[in-house]
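Comments concern the structure below.
What follows draws every value from the coordinates through simple rules; no lab data is involved. In this text, all values refer to a predicted model and were calculated from it rather than measured experimentally. Cβ sites come from the backbone with ideal geometry, for glycine too, and all protein chains shown count toward neighbours.
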Amino acid sequence: MTLNTLLRSLPVSFLYCVLTIPIPLYFYLGTVNQLGPDPLRYLEHKYGELGLILLLVTLSISPILKYTKINLVKFRRCIGLVAFYYIISHICVYVFFDIGLSMDILISDLKKRYYIIAGLFAFITLIPLAITSNNFAVRKLNFKTWKKIHSLIYIAIVSSIFHFILMSKTWTGELYFYMAVTVIILILKIRETTIYKKLSTYSKADISK
Amino acid sequence: MKILKHSDVTPRNIYLGRREFVKALGIASAASLVSYPVSAEQDYSKKGKLNTFEEITNYNNFYEFGTSKTDPAEYAHNLTTNPWEITFDGITQNKRKFDISEILKGKPIQERVYRLRCVEGWSMVIPWIGFPLHELINQLELDYDTKYVAFDTIFRPEEMRGQRRATLDWPYREGLTIEEAIHPLTFIATGLYGRELPKQNGAPLRLVVPWKYGFKSIKSITKISFMKKQPFTTWNAENPREYGFYSNVNPNVDHPRWSQATERVIGEGLFGERRKTELFNGYITEVGDLYKGLDLKKYF
């Protein structure tokens, strides 16, 4: 049995469960004080980080198919949606526990803190994707529009990385890692765009002249 | 200055019993560093609940061992703290290098309970043991025009894995004005909870300046220099807009990227309420005079 046949037999609902379980699990561990001395920061970072990782996985599915022929396309919607759930959980921890529902802090954060603004922007760009991640929306919208909406994910990932850079005190190894993965994904994507293809055929034509 | 008895503020059940405390000191003395009886217990923590030994030793910013809060607890054991020498610069006496035992000799060990406020917006209450820095400075012969004191953390990348990467401009350096350095609250910690200082907390000796953000309280000190000019300080050099030379705790001066008005109290759990940050971390009656007439927004 090839890997792809194996993957095809794996139900999406199974993956859905596996990926979402850590959300309530981490929250539970936080309430019983099992997340170290600073459970709030732990939970906030964990949800944010897992959200970012899952976004990157979602974006990797096309290049993985292209370069390794491993087909994960059937899981893409599931992974993307779960990423969105992590990001919502991340924001909930911030709003309910970190700032304790304080409107004053929220407003001043949104006015002054660039990493909060970048993070919120990333979240907002993801909302239309989440809303249209169902068969009904795919049927209702024409494919081109649907595709356009879903290319917002590239804006979301770039703002998420900015959110991460802007809140960091120093350049850490993990920051470099996530940046590198994002840059690779973006380069591969840019090479597929029609503009890039046109430009590269022009330049080739120039050279052959 | 207000000197409270520790027992006035600390619920006994969350702290070591008196007898255990003395016993812990005895054990530590066998390990040679903390070999003097406790002469005083002084609580300046403004009625905070003490953090547990586990919290204090598993939630550390000590980038020499990695940037995560748990890296120091995991990797600090690699640091050799015995033998340990401290070099003094800017003193007029001939002998400039001292073994730690010579520095500790004749200084009664006291306990100080201080609130530590991190620039990241969280705080802990820690029962340090050690001696006031002025007791050490008094033993040295300084130039009459000394204005600043600079401190260096040891640079030993083979033992401190975080130093193998240029996360910061190593070695870590910090500094104080001479007035701040000889202030009675400025403390050299050699231990906590009556035990020898754990390596992740800056063994064998570290600075504790309770009215400043935690990063000023430099760990594992190997060099102390007396200077006429304001010294290089690591975080200030890294990002001068965000970290000032003074870095006094001040709820009215925000860090450019986050508010300093409130702080998360470590140990209060997921549902804990934020605490209002106090000017000079609550030590205003003790240190307010040091900054009379100084524009704290400009000299942050």
Next item on the list: Compute the long axis of helix A:76-92 from its Cα atoms, compare it with the longest principal axis of the Cα atoms of chain A, and write down the angle in degrees, 0 to 90, nearest 10.
Entry: 30
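When you look at the Cβ of every residue in A:31-43, what mean number of other chain Cβ atoms sits within 10 Å?
6
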Notebook entry, point to check: Over all residues in A:100-109, what is the mean tally of Cβ atoms on other chains that come within 10 Å of each residue's Cβ?
Noted result: 2
Check: So how far, in whole Å, is the C-alpha centre of the range A:133-209 from the one of the range B:151-166?
Finding: 38
Next item on the list: For chain A, find the longest principal axis of its Cα atoms and tell me its angle to the long axis of helix A:114-131, 0 to 90°, nearest 10.
Entry: 60
Next item on the list: Enumerate the calculated ³J(HN,Hα) couplings along the range B:161-176 in order (Karplus 6.51 cos²θ - 1.76 cosθ + 1.60, θ = phi - 60°), each rounded to whole Hz, writing x wherever the residue is Gly or Pro.
Entry: 4, x, 6, 6, 10, 7, 4, 10, 7, 5, x, 5, 10, 9, x, 9
Check: Under the definition of partner shielding as Cβ atoms of other protein chains within 10 Å of a residue Cβ, what is the mean value for peptide B:268-277?
Finding: 5
Check: Can you give me the Cα centroid spacing of the range B:223-299 and the range A:44-99 in angstrom?
Finding: 37
Note to self: Can you list residues from other chains, or at least 5 along the same chain, whose modelled amide H is less than 5 Å from the amide H of B:GLU196?
What the structure shows: none
Item checked: Average Cα contact separation per residue, chain A, under 8 Å, 6 or more apart, as relative contact order % -> 18
Check: Along the range A:151-165, what does the Karplus equation 6.51 cos²θ - 1.76 cosθ + 1.60 (θ = phi - 60°) give for ³J(HN,Hα), rounded to whole Hz, x for Gly and Pro?
Finding: 6, 4, 4, 5, 5, 4, 5, 5, 5, 5, 5, 4, 3, 5, 4
Next item on the list: Mind giving me the nanometre distance, one decimal, between the label points for A:ILE190 and A:ILE155, set 7 Å out from Cα along Cα→Cβ?
Entry: 1.9
Notebook entry, point to check: Does a label point 7 Å from the Cα of B:PHE232, set along Cα-to-beta-carbon, have any residues of the range B:133-167 with amide nitrogen under 17 Å, and which are they?
Noted result: B:149-157, B:163-167
Note to self: Strictly over 20 Å apart at the Cα level, which of B:LYS147/B:LYS292; B:LYS107/B:LYS216; A:LYS74/A:LYS197; A:LYS69/A:LYS148; A:LYS169/B:LYS292; A:LYS69/A:LYS197 would you flag in this model?
What the structure shows: B:LYS107/B:LYS216; A:LYS74/A:LYS197; A:LYS69/A:LYS148; A:LYS169/B:LYS292; A:LYS69/A:LYS197
Notebook entry, point to check: Where does chain A land at 222 nm, in deg cm²/dmol rounded to the nearest 500, when only DSSP H runs of n ≥ 4 count, each adding -39500 (n - 2.57), divided by all residues?
Noted result: -25500 deg cm²/dmol
